[in-house]
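The values are calculated or read from the model by the stated rules, or taken from the named source; none is laboratory data. Keep in mind that this is a model prediction, so the values were computed, not measured. Here the Cβ is made from the backbone with ideal geometry for all residues, glycine too, and neighbour counts use every protein chain on show.
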Amino acid sequence: MLAIRFFRSQSAYNPAPTTARASGGTGSFGRNAAARPEPSNATAFPIPGIGSGFGGTSQATASDEIRLTKTDLDTFQQRLTEVQEAFGREDHAALRRLATPEMVSYLFEELADNAKKGLRNEISDVGLLEADIAESWREGDRNFATAALRYESRDVTRDRISGKIVEGQADQPTETTELWTFMRQNGGDWKLAAIQQPG
């Protein structure tokens, strides 16, 4: 359902989800969450011009729209760092706290796949460069918001036994732009619900 809700606004932009890290690492950081096929009637929204301020929700009805504040955007920035670093630490408890159960299942699957291959994905020095709200809406007692986030991080994949880097560069931060959808229920904390990586 979240994958469907990702694409509600007008645009010719049609993101092609991928499961590879933009930084080139082996781990896909739960990108499978965005790789499910779209139904034929799903439409796409444009990534807003990063740095242009809050995006609109022009096609949402008045009852669907929610208004976000800078505090919400600050929370999304915090979640970006927390989720990335928790994933790099393989901190299952933190991921359960920061993401929805559906998203947690994708992240855990990714961690298990890395472990099976004898790999460990390390993520550090996460820093948000620019962000915009692409869309925000309400469904019953749940609020959703999709943010376009451009950030940099040090992202490497190491052999679990030797510690040798097999992908990425420890001394070279990489830049990534992604769409992160967050959800909160009954006014609770925002949690990561989905990640979309533009193709």
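Scanning the range 60-117 for residues that are of a type in the set (A, V, I, L, M) and under 24 Å from LEU129 (Cβ atoms) returns LEU68, LEU73, LEU80, VAL83, ALA86, ALA94, LEU95, LEU98, ALA99, MET103, LEU107.
Screening ALA93 with (1) touching a helix residue (DSSP H, G or I) at 6+ places or on another chain (Cβ under 9 Å); (2) under 17 Å from ILE195 (Cα atoms); (3) outside any strand (DSSP E or B) gives one miss only, at (2).
Restricting attention to the range 154-199, and to residues there that are out of contact with any Gly (no Cβ under 7 Å at 6 or more places or on another chain) and small (Gly, Ala, Ser), which single residue is farthest from ARG79 (Cα to Cα)? Top of the filtered list is SER162.
Answer yes or no as to whether ALA131 is crowded, with 20+ Cβ neighbours inside 10 Å, of a type in the set (Gly, Ala, Ser) and touching a Lys or Arg at 6+ places or on another chain (Cβ under 9 Å).
Details: crowded, with 20+ Cβ neighbours inside 10 Å: yes; of a type in the set (Gly, Ala, Ser): yes; touching a Lys or Arg at 6+ places or on another chain (Cβ under 9 Å): yes.
Yes: the conditions hold for ALA131.
Take residues that are of a type in the set (D, E, K, R) and tell me which of the strands (runs of 3 or more DSSP E) falling wholly in the range 113-171 contain 3 or more.
So the answer is 119-139, 142-159.
A count restricted to the range 171-199 and to residues that are more than 24 Å from ARG67 (Cβ to Cβ) and without any contact (Cβ under 8 Å) to a residue 24 or more places away in the chain stands at 2.
Okay, residues lined up against (1) at pLDDT 95 or above; (2) surrounded by fewer than 18 Cβ atoms within 10 Å (Cβ to Cβ); (3) of a type in the set (A, V, I, L, M, F, W, C); (4) within 18 Å of the chain's Cα centre (by Cα):
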{"residue": "ALA60", "(1), (2), (3), (4)": "no, yes, yes, no"}
{"residue": "LYS70", "(1), (2), (3), (4)": "no, yes, no, no"}
{"residue": "ALA86", "(1), (2), (3), (4)": "yes, no, yes, yes"}
{"residue": "GLU90", "(1), (2), (3), (4)": "yes, yes, no, yes"}
{"residue": "PRO101", "(1), (2), (3), (4)": "yes, yes, no, yes"}
{"residue": "LEU111", "(1), (2), (3), (4)": "yes, no, yes, yes"}
